[in-house]
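The structure appears right after this line, and notes come after that.
The values are calculated or read from the model by the stated rules, or taken from the named source; none is laboratory data. Since the model is a prediction, treat every value here as computed from it, not as a measurement. Heads up, the Cβs are rebuilt from the backbone with ideal geometry, glycines too, and the neighbour counts pull from every protein chain shown. Side chains included, ligands, DNA and RNA excluded: accessible areas come from the protein's heavy atoms. Shrake-Rupley method; radii C 1.70, N 1.55, O 1.52, S 1.80 Å.
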Amino acid sequence: MPIVRPLLTDADFKEVLEKSIPIRIFKDNHLIESGGIVIRFTEDTIITQSGVSSLGYHGRDNCEFFEVKG
């Protein structure tokens, strides 16, 4: 069973970025990305990569982010 932890602070995002921990992203209660890793973040946007050329730009104010370990 995977362990799921919400990502809320800059420290949370820094940890998953440095450790390349996969995350799940929800928007409007729908899963929009799973298994991508954070490659950069700002105060407004989380940038993820889920493949060689697959980048995602997600707003921090309209998405929910979760670390997935397991």
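Computed values, structure above
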item: Tally of residues being open to solvent by 50 Å² or more (accessible area, probe 1.4 Å), part of a strand (DSSP E or B) and either of a type in the set (A, V, I, L, M) or in contact with a helix residue (DSSP H, G or I) (Cβ under 6 Å, 6 or more places away or on another chain) (or both) across segment 40-70; result: 2
item: Residue in segment 14-31 that is touching a Cys at 6+ places or on another chain (Cβ under 6 Å), open to solvent by less than 60 Å² (accessible area, probe 1.4 Å), of a type outside the set (Asp, Glu) and in contact (Cβ under 8 Å) with a residue 24 or more places away in the chain present; result: yes
item: Pairs where the first residue, in segment 40-58, is more than 19 Å from Glu15 (Cβ to Cβ) and of a type outside the set (Gly, Ala, Ser) and the second is in a strand (DSSP E or B) and open to solvent by less than 50 Å² (accessible area, probe 1.4 Å), C-beta under 8 Å, 6+ apart; result: Asp44/Gly59; Leu55/Ile47; Leu55/Thr48; Tyr57/Thr45; Tyr57/Ile46; Tyr57/Ile47
item: Among the candidates Ile32, Ile37, Ile25, Ile47, residue that is at pLDDT 95 or above, among the hydrophobic types (A, V, I, L, M, F, W, C) and in contact with a Ser or Thr (Cβ under 6 Å, 6 or more places away or on another chain); result: Ile37
